[in-house]
Amino acid sequence: MEKRARRAGTPATTPAPLGRGNGGRGPSAVDGGSGSSRLGGKVRALRRKEGLSQTQLAERLAISPSYLNLIENNRRPLPAALLIRLAQLFELDMAAFASDGDGRLVGELLELFSDPVFDAHALNSVDIRDLAQNNTAAAVAVVGLYRRYQEAREAAETLAERLTDGDVTGGAAGSGDASRSRLPSEEVSDLVQSHMNHFPALEEGAERVWKDGKLVAESLYAGLTAYLLKKHGVHTTVARWGVERGVVRRFDPESKVLTLSELLPTRSRNFQLAHQIGLFTMRRELDVLTNDPALSTEESRTMARIALANYFAAAVLMPYAPFLKAAREERYDIDVVGRRFRVGFEHVCHRVTTLRRPGAEGVPFHMIRIDVAGNISKRFSASGIQFARFSGACPRWNIFSAFQTPGMIRIQISRMTDGSTFFCIARTVQKDSHGYHAQPMIHVVGLGCRVEQAGALVYADGIDLEKRGVVVDVGVTCRICERNDCEQRAFPSMRQPLVLDENLRGLSLYSGPRPA
C-alpha cells in the first residue's frame, strides 16, 4: 500500500524543483524527496500537541513561518536537517515519522469506506489518503467510530435473532453487547502491532531466567521445574486426564502447586512452565505494558497479560541470540529450527516475527493464523502487507489453499493491488490432541516477507521470483480490490462502476470478461 499511497498523496500542484524551497540546498528531503511531503500532517500534529503556534515553532527551527506553513500543508518536503532538528527539540525517536503506521491506517480507512453505507458519498482513494496523512487524529477517530458502528450492528442482529426465536430474556445482554467496546483480541492485536511484536523487557527477563536458573537446553523441563521450586517455592505435578479433564495448566496460589496435564507433550509442558514463570518474574513489566490506553477493558488487559506471558515463554524456549543465529544459518527453515529448539511449527513462525532487536534484526515477516471458517485469530505485519480488518480476506491467498494439502508447505508470490509483492508460505498446524473424543483443531499459519528479501529463505531456492506467471494477484478484500477479472470476486469493487448485463456473464457476477 505504501507505494500507492505515495503516488496518491502527491499534491495536485506542481512541486518546486529540487534545490528550491529548502534554501537551495538540493535534494535533501527525507526519503529522497519521494513521499516526504506526507510528513506535513505529522509536523502539524506535533506542533499542536506541544501547544505551539506556527510562528513559535518556526523560530525554534530557524525558518520562516511561511515556509513552515508550506511544509505542514504538504506544499514543500520536510528536509532531513529539519527532521533532525525536530527530533532534538522534542526528544523524539526518528521512528515516530516512519510510514508503516500511515500505511496501516490508510489500509483500514480504504477497507471501512468500502462499506456500501458510504456509497452515496462518492469518496475516492485520494480523499481517504488525504484524511489519513493530513488529519491523523480524525482518521483514527473515524476508524474507532466505524468499529463501534459495526459492533452495534452485530449486536442488534444478534438481538433480532433472539427475538425472532422467541427468546426475549436476552434483551439486556444484547443491549449490553451493543455498548461494549472493541473485542479484547482486536485491542491486543493492535497493542502487539504498535510494539512491532518486540518487547525488550520480556527478552531481557527470559535471558535472566536462563542465567539465574543455569538452564541447559537438553534438560529444559527439569531446569524450569527446579527454577520454580527454588525461586518461587512452587511444586510442579503432572495430573492424569481423568482428574483434571479439560485443564492443561492450573496454578493454586495457596498450595503453590502447578499442575500440568499428562496429555501435554514435552514441548508444551516446557511452554506452560515458562508461561507461569513469566507471570511470577515479570509481574511489574506486564503491569506496565498492559496499562496501555489502547486496552479499554479489564478483559483486554487480562488477555494482553496472557499474550505477553506467552511471548516471554517463547523467548525462554527460543533465546534471542541463539535463535537468530540458527534462523540465519538454516535460512529460516522452520522445521529444522523447530527441531533444534524442540518446539512446533507455529511457535517458530511466531518467534521469527519478534526478531526486531536494534542491530540484530531478522527478516521483517508478517504472520497470520486462520481456521477453516476463515476466522483470523492471529495477525501481525512487519513486512508492510495489509490484512483485512472489517471484512473477509481474499480467497486467492495460499492460506486458504493450504487446507487442501494438510502438512504440506504452500509457497506463493503474492502481488497486491498497489504493486507491492510478497513471498509467502503457509501450512496447516494441528493442536495437540486431548483424548480420543476430542475434535482436532486445525489452523493454517501463514508467514511471509517482501519478495526482495525472499533470498534469505530456503523456501525461495529454485524459484524465479520475477518469472511472469509465477506471481499471483491477491487483494485485501473484494470491495477495495481494483481487479475486475477475478473469478473469485464475491462483491463489486468500490473502485469500479457496477455494470450488469443480463446477456453477458463474466467469470463471476461482478467480474467482466477477460480482455482479449
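Remarks
- Residue satisfying all of: in the stretch 292-301; touching a residue at least 12 places away in the same chain (Cβ under 8 Å) and of a type outside the set (A, V, I, L, M, F, W, C); nearest to residue 189 (Cα to Cα) among these: 300
Yes/no per residue for (1) at pLDDT below 55; (2) touching a strand residue (DSSP E or B) at 6+ places or on another chain (Cβ under 9 Å); (3) not charged (D, E, K, R):
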site: 9; (1), (2), (3): yes, no, yes
site: 12; (1), (2), (3): yes, no, yes
site: 79; (1), (2), (3): no, yes, yes
site: 97; (1), (2), (3): no, no, yes
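- Qualifying residue in the stretch 109-120 (condition: touching an Asp or Glu at 6+ places or on another chain (Cβ under 9 Å), modelled with pLDDT of 75 or more and surrounded by 16 or more Cβ atoms within 10 Å (Cβ to Cβ)): yes
- Residue match in the stretch 27-44 (condition: assigned to a helix (DSSP H, G or I), modelled with pLDDT of 80 or more and of a type outside the set (Lys, Arg)): yes
- Looking only at the stretch 366-403, and only at residues there that are of a type in the set (D, E, K, R) and under 14 Å from the mean Cα position of the chain (by Cα), the one that is farthest from residue 473 (Cα to Cα): 378
- Condition check for residue 342: at positive phi, outside the structural domain of residue 458 (by TED's automatic domain parsing) and of a type outside the set (Phe, Trp, Tyr): yes
- Scoring residue 350 on the criteria (1) over 25 Å from residue 143 (Cβ atoms); (2) in a strand (DSSP E or B) leaves a single failure, condition (2).
- In the stretch 118-152, the residues that are touching a Phe, Trp or Tyr at 6+ places or on another chain (Cβ under 8 Å) and more than 17 Å from residue 187 (Cα to Cα): 123, 128
- Scanning the stretch 281-291 for residues that are free of Cβ contacts under 8 Å to residues at least 40 places away in the same chain and hydroxyl-bearing (Ser, Thr, Tyr) gives a single hit, 290.
The values are calculated or read from the model by the stated rules, or taken from the named source; none is laboratory data. On a predicted model such as this, the values are computed, not experimentally measured, just so you know. Positions of Cβ are backbone-derived with ideal geometry, glycine not excepted, and every protein chain shown enters the neighbour counts.
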